[in-house]
Amino acid sequence: MTSLAQKLSTIVGAAFEALDLPHELGAVRVSDRPDLAQFQCNGAMAAAKLARKNPREVAQGVVDVLEDPLFISDNLSSLFYPILHNAKSGQKNANQAITMQAALFKTLEIAGPGFINFNVTDDFIAGHLSVVSGDDRLGIPQSANGETVVLDYGGMNVAKAMHVGHLRSLAIGDCLKRMMRVAGYDALGDIHMGDWGLQMGQIISAFEIAHPGWPYFDPGFEGDYPADAPFSYDELEEIYPRAAQGCKDDPERLDAARKATMELQDGRRGYLALWQHFIDLSLTDIKANIARLGVDFEIWNGEACVNYLIPEITADLAARGVTEDSEGAVVIPVVRPEDKKEMPPLLFKKSDGAATYGTTDVATIYDRIKTYPKIAKMIYETDLRQNLHFEQVFCAAEKAGYVDGIELKHIGHGTVNGPDGKPFKTREGKAMKFSDMVTAVMAKAEERLAEANLDETIGIEERGEIARMVAVATLKFTELSNQAHMDYIFDIDRMTQFEGKTGPYLLYQAVRIKSLLRKAEAQGFEAGETPHFVIGDEDRSLALLLTELPDHFEAAMKHYTPHVLCEYAYTLAQGFSSFYGNCHILSEENAGVRASRLALCALTYRQLEFVLNVLGIDIPERM
Ligand code: ARG
């Protein structure tokens, strides 16, 4: 099962092949001039170059093949089975070849320099849609077979408040994970917390200055450390920026922080106990935040988790001749022969022996490969500015021979700006906290629901839950409909609207279809399990849109671009809206047409629900 355009590509590709031209030049796609045709193939131009012919002549050759009924029946009868199946009479015609050919193309035309433009018959569309309706996967092929993919996103830092930027990494990472699962991968999300660098030593030594009497700092202490932290998460969050600033201003404090980091990494008992409090308090905060967004992880690792592996890896890298000594530090040169730009070596171990961000990332790759023998990809989602770091890490892992046949990919995101075009801030000019951002969007969602005078029978509790769903749809759709590497403007007023390209608009359309289908059921109308579609003028554009889903899914998978799916969901919702406005559905008197239209509505709903689900957005029962 595929999209209708892919099905046509198989047919037209075979026609190219029949003329000894490459099959892939027969690629067909939805026309970018829907006023001229439904589908187009541009391959004749490239084929003409190969064959040293005039492109229009090549195009004519292809059209001639396609118009030959025997060609169609010989080559591609399996593709036509659905049409015959859908055909009202159902019987296979004696002169099947002619039936098939006539059943396929309504028009076949050559335009301009050699474009081939197609319109397909309504029966062909109908036949295709009944197969899609009968498919649990809505025509999306499975491209993987349970191979593991680790998605590394979120990457929150211990003791540091989550901010708006985390929305980007969380929403994109979670969406990619869902996409990978649909494709057939065993996709696992790893939060990969920042819990092991200098910032840990900075906080430890700041606490040591403030509370020298705490047992964590007494090297001779042998008892049990307190189970609960003697400070709150808020205090921890406050001490961190002060500690960092202190180290900037005072070289002695920086030295102390470095020493504390080293000792922590070496396993000093009191420091580890104190550090564990940082982790526990931060995790509680992180879990509450991500639960509001409906995002989760399968792997709750941090940088520290691979600390025990570092000696082993250090030795392994040395044995493989990958590392070099550089003024007492250990580095991995990472220039590839094809690299045009300057690539600084990856710092693998500082001269004082401390591990770096690079150390833990290389070690994590090593660890993942050991832990997941079927790993096929590791995908990282962070701020764009970490691109060089990941290039270095990936190259180091390649040089070490750790990742043969494994895809490593960094997806970087841009900045979230406020309506003034500068990084999004609170009214007081501070960086916007993640939790405050979610609260603000929820409040706005409640306001919008009240304004919209939605279903009056909805009680206060359900309304709250709907507001939460609208807020999540707002946040995720805003995030995912923008291309990851671009900056975008966070405009709460615009993104919570029930009109325009927004999450709430999509929810509203989905709920509208759901309620229409409920009404139909109450009136005893049904679309049936394997519906028979009747496509007329009013149905055609929605019907054609419904043949496209697998193409958009594939494009989003291939390039890691959720915005492609957002675009499709929006087009589909709009397509439904015009369909709903332009034709009779429940009030249609012809029972066959009515059933077909209900089936179109049902399929639209399933596709919308599918895409929203991949985006991580749930649809309320009503609103
Ligand atoms: N903690 C890092 C940061 O805040 C992000 C971690 C991303 N993942 C990784 N494997 N490096 O920038």
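The values are calculated or read from the model by the stated rules, or taken from the named source; none is laboratory data. These numbers come from a predicted model, not from an experiment. So basically every Cβ, Gly included, is an ideal-geometry build from the backbone, and we count neighbours across all protein chains shown. With ligands, DNA and RNA removed, areas are computed over all heavy atoms of the protein, side chains included. Shrake-Rupley method; radii C 1.70, N 1.55, O 1.52, S 1.80 Å.
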Filter region 19-40 for residues that are acidic (Asp, Glu) and more than 14 Å from Asn117 (Cβ to Cβ); the one that is surrounded by the most Cβ atoms within 10 Å (Cβ to Cβ) is Glu24
Per the list (1) open to solvent by 30 Å² or more (accessible area, probe 1.4 Å); (2) within 15 Å of the ligand (Cβ to nearest atom), residue check on Glu342 breaks on (2)
Checked Glu451, Glu465 against criteria (farther than 28 Å from Thr571 by Cβ and either free of Cβ contacts under 8 Å to residues at least 24 places away in the same chain or not aliphatic (A, V, I, L, M) (or both)); the one match is Glu465
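Hey, does region 136-150 have a residue that's part of a strand (DSSP E or B), of a type in the set (A, V, I, L, M, F, W, C) and within 16 Å of the ligand (Cβ to nearest atom)? Don't jump to the end; show me each part of the working.
Applying the first criterion (part of a strand (DSSP E or B)) to region 136-150 yields 148-150.
Now restrict to residues that are of a type in the set (A, V, I, L, M, F, W, C): 149-150.
After this cut, where a residue has to be within 16 Å of the ligand (Cβ to nearest atom) as well, the list is 149-150.
Yes: region 136-150 contains one or more residues that are part of a strand (DSSP E or B), of a type in the set (A, V, I, L, M, F, W, C) and within 16 Å of the ligand (Cβ to nearest atom).
Output the residues belonging to region 351-389 that are of a type in the set (S, T, N, Q) and either more than 10 Å from the ligand (Cβ to nearest atom) or surrounded by 21 or more Cβ atoms within 10 Å (Cβ to Cβ) (or both).
Of the residues in region 351-389, the ones of a type in the set (S, T, N, Q) are 351, 356, 359-360, 364, 371, 382, 386-387.
Ser351, Thr356, Thr359, Thr360, Thr364, Thr371, Thr382, Asn387, listed by residue number.
May I ask you to verify whether Leu129 is on the phi < 0 side of the Ramachandran plot, away from the ligand (no atom under 16 Å from the Cβ) and buried (at least 24 other Cβ atoms within 10 Å of the Cβ)?
yes
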Ile406 passes all but one of the listed conditions (1) in contact with a helix residue (DSSP H, G or I) (Cβ under 7 Å, 6 or more places away or on another chain); (2) without any contact (Cβ under 8 Å) to a residue 60 or more places away in the chain; the exception is number (1)
Taking region 578-592 and keeping residues among the acidic types (Asp, Glu) and out of contact with any Lys or Arg (no Cβ under 7 Å at 6 or more places or on another chain) leaves Glu589
Is it the case, given these coordinates, that Gly418 is modelled with pLDDT of 95 or more, in contact with a strand residue (DSSP E or B) (Cβ under 7 Å, 6 or more places away or on another chain) and surrounded by fewer than 19 Cβ atoms within 10 Å (Cβ to Cβ)? no
Restricting region 50-62 to residues that are at pLDDT below 95 and part of a helix (DSSP H, G or I), the one surrounded by the fewest Cβ atoms within 10 Å (Cβ to Cβ) turns out to be Leu50
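Only one residue in Arg463, Arg494, Arg427 is open to solvent by 70 Å² or more (accessible area, probe 1.4 Å), over 30 Å from Ile365 (Cβ atoms), of a type outside the set (Phe, Trp, Tyr) and in a loop (DSSP other than H, G, I, E, B), so which one is that? Spell out the reasoning first.
Numbers: Arg463 fails: in a loop (DSSP other than H, G, I, E, B); Arg494 fails: in a loop (DSSP other than H, G, I, E, B).
Among Arg463, Arg494, Arg427, only Arg427 is open to solvent by 70 Å² or more (accessible area, probe 1.4 Å), over 30 Å from Ile365 (Cβ atoms), of a type outside the set (Phe, Trp, Tyr) and in a loop (DSSP other than H, G, I, E, B).
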Of those in region 271-328 that are among the acidic types (Asp, Glu) and open to solvent by 50 Å² or more (accessible area, probe 1.4 Å), the residue farthest from the chain's Cα centre (by Cα) is Glu327
Here the residues within region 329-358 that are under 31 Å from the mean Cα position of the chain (by Cα), assigned to a loop (DSSP other than H, G, I, E, B) and closer than 19 Å to Cys305 by Cα are Thr356
Notebook entry, point to check: Looking at this structure, is Ser587 surrounded by fewer than 20 Cβ atoms within 10 Å (Cβ to Cβ) and over 32 Å from the mean Cα position of the chain (by Cα)?
Noted result: yes
Does region 177-190 contain any residue that is within 16 Å of the ligand (Cβ to nearest atom), among the basic types (Lys, Arg) and under 16 Å from the mean Cα position of the chain (by Cα)?
yes
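Could you tell me whether any residue of region 209-226 is within 16 Å of the ligand (Cβ to nearest atom), within 30 Å of Lys350 (Cα to Cα) and open to solvent by 10 Å² or more (accessible area, probe 1.4 Å)? Steps first, answer last, please.
Going through region 209-226, the residues within 16 Å of the ligand (Cβ to nearest atom) turn out to be none.
No: zero hits.
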Result of the Cβ filter at 6 Å on region 300-329, keeping first residues that are on the phi < 0 side of the Ramachandran plot and partners that are open to solvent by 40 Å² or more (accessible area, probe 1.4 Å), at least 6 apart or interchain, is Val322/Lys399; Ala329/Lys350; Ala329/Ser351
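Can you find even one residue in region 378-394 that is in a loop (DSSP other than H, G, I, E, B) and among the hydroxyl-bearing types (Ser, Thr, Tyr)?
Taking region 378-394 as the starting set, the residues that turn out to be in a loop (DSSP other than H, G, I, E, B) are none.
There is no residue in region 378-394 that is in a loop (DSSP other than H, G, I, E, B) and among the hydroxyl-bearing types (Ser, Thr, Tyr).
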message: Take the conditions in contact with a Gly (Cβ under 6 Å, 6 or more places away or on another chain) and either of a type in the set (Phe, Trp, Tyr) or within 14 Å of Leu274 (Cα to Cα) (or both) and apply them to Asp195. Does it pass?
response: yes
Asn145: passes all of (1) in contact with a strand residue (DSSP E or B) (Cβ under 7 Å, 6 or more places away or on another chain); (2) open to solvent by 40 Å² or more (accessible area, probe 1.4 Å) but (1)
Is it fair to say Tyr580 is open to solvent by 20 Å² or more (accessible area, probe 1.4 Å), touching a Cys at 6+ places or on another chain (Cβ under 9 Å) and not in a loop (DSSP other than H, G, I, E, B)? yes
Only one of (1) away from the ligand (no atom under 16 Å from the Cβ); (2) within 29 Å of Gly414 (Cα to Cα) does not apply to Ala318, and that is (2)
Picked from region 151-161 (must be within 10 Å of the ligand (Cβ to nearest atom) and of a type outside the set (Ser, Thr, Tyr)), the residue most open to solvent (accessible area, probe 1.4 Å) is Lys160
- Query: Taking the stated definitions as given, is Ile110 in contact (Cβ under 8 Å) with a residue 24 or more places away in the chain, touching a Cys at 6+ places or on another chain (Cβ under 7 Å) and more than 14 Å from the ligand (Cβ to nearest atom)?
  - Reply: no
